[in-house]
Amino acid sequence: MGYNQGLEATMKRVAIGLLMLCSAVALAQAPFTIVRPQDGARVREVVQIRFPIRSVPQGGFIGVTINGKFVEAVAPAALETDRERGHYIYRWDTKKLNVPDGEHTIELTLYQSPEGGSARILARSAVRVQVENEIKVPAEGIPLRYRWVPGRTYRYQVKGTVKEINEVQYSGLAPEETLIYDVSFRGELNVMDFRNNLGLISWTPMPPAIAITGSGQVETITSDRMIPVYQEVETTGRVLYQVSRGADAVQQDVFYVWTADLPLLPPRRYKPGDRWGATITLSNPLESGDPNEIGLKIPVAAHLERFEWEQGYKCAKIVYEFTGNLPRSINLGGVELDKPKSTIRRVVYFAYDIGQVIRVTTTLQLEGIARQEQFGGGFGTPSAPGAPAPPGFGGRGGVGADDEGGMRGPRGMRGPGIGGVGIPGAPGGGGAPRGGFRGGGVQTGARNIINRFVREVDMRLIGIF
């Protein structure tokens, strides 16, 4: 009896040891395979490609191939991780990459690169998926209407930048970009009431807002300098009335407001390819001034490009475009341009199931100063002075060049505050008065210096409450 009990105990210990050994092996290595999406899955927007963390050994990395074309190699440290499920996550953004709808093959290759050695393939895994970003609509189209549900709040993330771009034509040099202004904040659209087919809504920026100037100065705008704006709006998006009653109570000399320019949707059914005339408002994302003014409307051409998914919502993608001179001056982070030639492109994603805007991106390109400067020429003669700069900026020096392409002269620095107009060849707020010197060699003639300003604003829904 004692012998049998001892033998049984020994066998149990052996079994437990084998089980622990197998568990250790399993924890050390898992098969390399794409866990999600599954083969034949229907996907859209950003696709999470998941595979086991334990399948990647030390020194391993992943090669990504789409439809037989190598895309990139990524190290595990650059991937998202889901520790709870034990997955690495590679994100494939089908919309950003303009991936067409239809079947596509995703393949991941596991490589290992030992120290001092070349990379070798350890395993491969592939799945086929159906990309379905576009939404098929009935032949009669879909009606687009705003839905103003009392008590509902829509929270947005807003980011805006203004850049100055300078380019020497036919020089082969990359355009020079300079940040003028950068702002980011969150804001809430609150639906307060709905009656007689009219919605009473408010737009409220949420503190803090962070604004960065081109000189690197950072300004934090707090709640005591922010006030809500109230609007009475139709279900078509047309604003009948706008006011800010908090302005009288604000003790600050300068206060800031935020309102989104709601796209106007004529009351009818819409189909892909539909075109109509519309208007848009151009304003800074977060601005100071009279909040009771609705603002200047600019006529634009609108067309419904297609119906597609955006951030998990069924949306109408509407594009607004304009090319021509603006009817009045515009301020870009302290730079004032008088009726400039402009190109505007605004893309609106309108979620027709919930009757609200999901995302709006606006790109405004303004033609600033175009001038000619001499390249090449005699030795030792100062180049021509720069043209007048916009307010707040010093004038630019000329551009000197030798036969092989020379360097740009020193640039004037931003003046304090709004500043005055830069004087040709003179410093504006500390800028160097002249550009480079003409190089020796053969005269190569004048080239155009193209000066542009670009403003980009992105407003994206991040929550509904």
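The values are calculated or read from the model by the stated rules, or taken from the named source; none is laboratory data. These figures come from a predicted structure and were not determined experimentally. Quick reminder, even Gly has a Cβ in these numbers, built from the backbone with ideal geometry, and neighbours come from all protein chains shown.
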**Q.** Conditions (1) surrounded by fewer than 16 Cβ atoms within 10 Å (Cβ to Cβ); (2) small (G, A, S); (3) at pLDDT 90 or above: number failed by G187
**A.** (1)
**Q.** Among (1) modelled with pLDDT under 85; (2) surrounded by 15 or more Cβ atoms within 10 Å (Cβ to Cβ) - the single one H303 does not satisfy
**A.** (1)
(Q) Looking only at the stretch 37-74, count every residue that is free of Cβ contacts under 8 Å to residues at least 24 places away in the same chain and either surrounded by 12 or more Cβ atoms within 10 Å (Cβ to Cβ) or of a type in the set (F, W, Y) (or both) and tell me the total. (A) 3
Q: Pull up the stretch 127-175, narrow it to residues that are part of a strand (DSSP E or B) and touching a Ser or Thr at 6+ places or on another chain (Cβ under 6 Å), then point me to the one that is modelled with the lowest pLDDT.
A: E164
Q: Considering only residues that are charged (D, E, K, R) and crowded, with 17+ Cβ neighbours inside 10 Å, look in the stretch 307-332 and name the one that is nearest to N284 (Cα to Cα).
A: K317
Q: Just give me the residues in the stretch 194-209 being touching a residue at least 24 places away in the same chain (Cβ under 8 Å) and either exposed (fewer than 13 other Cβ atoms within 10 Å of the Cβ) or assigned to a helix (DSSP H, G or I) (or both), in sequence order.
A: N197
Q) Looking at (1) at pLDDT 50 or above; (2) crowded, with 18+ Cβ neighbours inside 10 Å, can you tell me which one G392 breaks? A) (1)
Q) Would the stretch 111-118 turn up any residue that is part of a strand (DSSP E or B), at pLDDT 95 or above and surrounded by 11 or more Cβ atoms within 10 Å (Cβ to Cβ)? A) yes
Q | Residues of the stretch 118-141 satisfying the condition of being among the β-branched types (V, I, T) and under 18 Å from R306 (Cβ atoms) | A | V131, I135, V137
Q. What do you reckon, is G160 closer than 30 Å to V47 by Cβ and not assigned by TED's automatic domain parsing to the domain that holds V46?
A. yes
